[in-house]
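Asker: Below are the structure tokens for one structure; questions will follow.
Just so it is clear, none of the values below were taken in a lab; they were calculated from the coordinates. None of the values given here were measured: they were computed from a predicted structure. Positions of Cβ are backbone-derived with ideal geometry, glycine not excepted, and every protein chain shown enters the neighbour counts.
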Amino acid sequence: MRKHIVAGNWKMNTTVPEGIALAKAVVEEGAQVPADVELIIATPYPHLYPVAEVVKGTRVALSAENCADKEKGAYTGEVSVSMLTSVGCQYTILGHSERRQYYGETDEKLVEKVKLALAAGLKVILCVGENLEEREAGKHFDVCAAQIKNVLYNFTAEDMKNVVVAYEPVWAIGTGKTATAEQAQEIHAFIRKTLADKFGAAVAEETSILYGGSCKPSNAKELFAQKDIDGGLIGGAALKAPDFIGIALSF
Ligand code: PEP
């Protein structure tokens, strides 16, 4: 049985004290969530160390939102995978569309990042998804397949045990527009098939594929009821513990 996961991506929101308070609320309210749903919070870099103290020994896992594509050295402003593991991170999000769009994150760079993250013992949440123009041109399958192939096809079936895929249509992120459950299911099934083509059906069946894009307590139930949707990567709604936990209670 693949894992159900609800992961919060805080992006560049909250000060450190606000982040500590939010993490405490997620831990407290998260107690209601069935144990088979994994809760993850991805925080800005300065928050990781104090938030690691809050989530230590609880069911909430800690994630970064990115990592460097180099191991260490003269790369001013970057944060390495060993820094992340040293503060207690278990995951990192990689390839978020905001990083692809605003910071020139390419699939080539992502291969390096995924390699370093997995080698350091971090699990990876790899984001893929098309923009509005691509969706309207009917290219969403091709775009997602290319992102999966360009990045994940460089890895092994064994590596895939530590990879979660997040399908996040760019047109649905932070816009209030959600993909319909049917649209999301269709492409999740396609992503699983794309994974099966390379890694085999068993690995594809075991890989959690999350939906992201204006997911909230009011639409999570319908999305999570779909056969190939294993949870959510949550942006805006992750900034309020009751909403985040409300989503996690939607399985
Ligand atoms: C995200 O950025 O990963 C995301 C899904 O954002 P939102 O939920 O705000 O659309």
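Asker: Based on the mean of other Cβ atoms within 10 Å per residue, sort peptides 175-184, 28-37, 142-151 so the most packed one is first.
Answerer: Values: 175-184: 15.7, 28-37: 13.5, 142-151: 18.0.
Sorting 175-184, 28-37, 142-151 by mean packing, highest first, produces 142-151, 175-184, 28-37.
Asker: Only four residue types carry charge here, +1 at the Cβ of Lys and Arg and -1 at the Cβ of Asp and Glu. Report the dipole size of the range 139-206 about the Cα centre in Debye, rounded to the nearest 20.
Answerer: Numbers: 7 positive and 9 negative charges, 34 e Å.
Here the range 139-206 has a charge dipole of around 160 debye.
Asker: For the charge dipole of the range 68-211, defined by +1 on Lys and Arg C-beta atoms and -1 on Asp and Glu C-beta atoms about the Cα centroid, which residue among 95, 81, 164 has the Cα displaced farthest towards the positive pole?
Answerer: Going by the charge dipole, the pick is 81.
Asker: Starting at the first residue of the range 14-22, write each ³J(HN,Hα) from the Karplus equation 6.51 cos²θ - 1.76 cosθ + 1.60 with θ = phi - 60°, in whole Hz, x for Gly and Pro.
Answerer: 6, 7, 4, x, 5, x, 4, 5, 5
Asker: So which trypsin sites (Lys or Arg not before Pro) in the range 1-78 end up in coil per DSSP with only 15 or fewer other C-beta atoms within 10 Å? Intermediate results must be reported in sequence, preceding the final value.
Answerer: Numbers: sites: 2, 3, 11, 24, 56, 59, 70, 72; in loops: 2, 3, 11, 56, 59, 70, 72.
Qualifying residues, ordered by number: 2, 3, 56, 59, 70, 72.
Asker: Taking the Cβ of residue 92 as the center, what net charge do the other residues with Cβ under 10 Å away carry, scoring Lys and Arg +1 and Asp and Glu -1?
Answerer: +1
Asker: Moving on. Give the separation of the Cα centroids, the range 184-205 to the range 117-153, in Å.
Answerer: 13
Asker: Are there chymotrypsin sites (Phe, Trp or Tyr not before Pro) in the range 33-137 that DSSP puts in a loop and that have at most 11 other Cβ atoms within 10 Å, and which ones? Don't jump to the answer; show the numbers that get you there.
Answerer: Numbers: sites: 75, 91, 102, 103; in loops: 75, 103.
Answer in residue order: 103.
Asker: Divide by every residue of the chain the summed helix terms, -39500 (n - 2.57) for each DSSP H run of at least 4, and state the resulting mean residue ellipticity at 222 nm, rounded to the nearest 500 deg cm²/dmol.
Answerer: Result for the chain, helices only: -13000 deg cm²/dmol.
Asker: Now for a different question. If you put +1 on each Lys and Arg Cβ and -1 on each Asp and Glu Cβ, how big is the dipole of the chain around its Cα centre, in Debye rounded to 20? It would help to have the intermediate numbers written out before the result.
Answerer: Details: 26 positive and 32 negative charges, 66 e Å.
Using only the charged Cβ atoms, the result is roughly 320 debye.
Asker: Let me ask something additional. Taking amide hydrogens as modeled 1.01 Å from N in the peptide plane, which residues meet the under 5 Å criterion relative to residue 125, leaving out close sequence neighbours?
Answerer: HN-HN under 5 Å from residue 125: 92, 93, 94, 164.
Asker: Sort all Cα-Cα distances of the chain into consecutive 10 angstrom bins from zero, then give the percent of pairs in each bin up to the one containing the longest distance.
Answerer: Result, from short to long distances: 8, 34, 39, 18, 1 percent.
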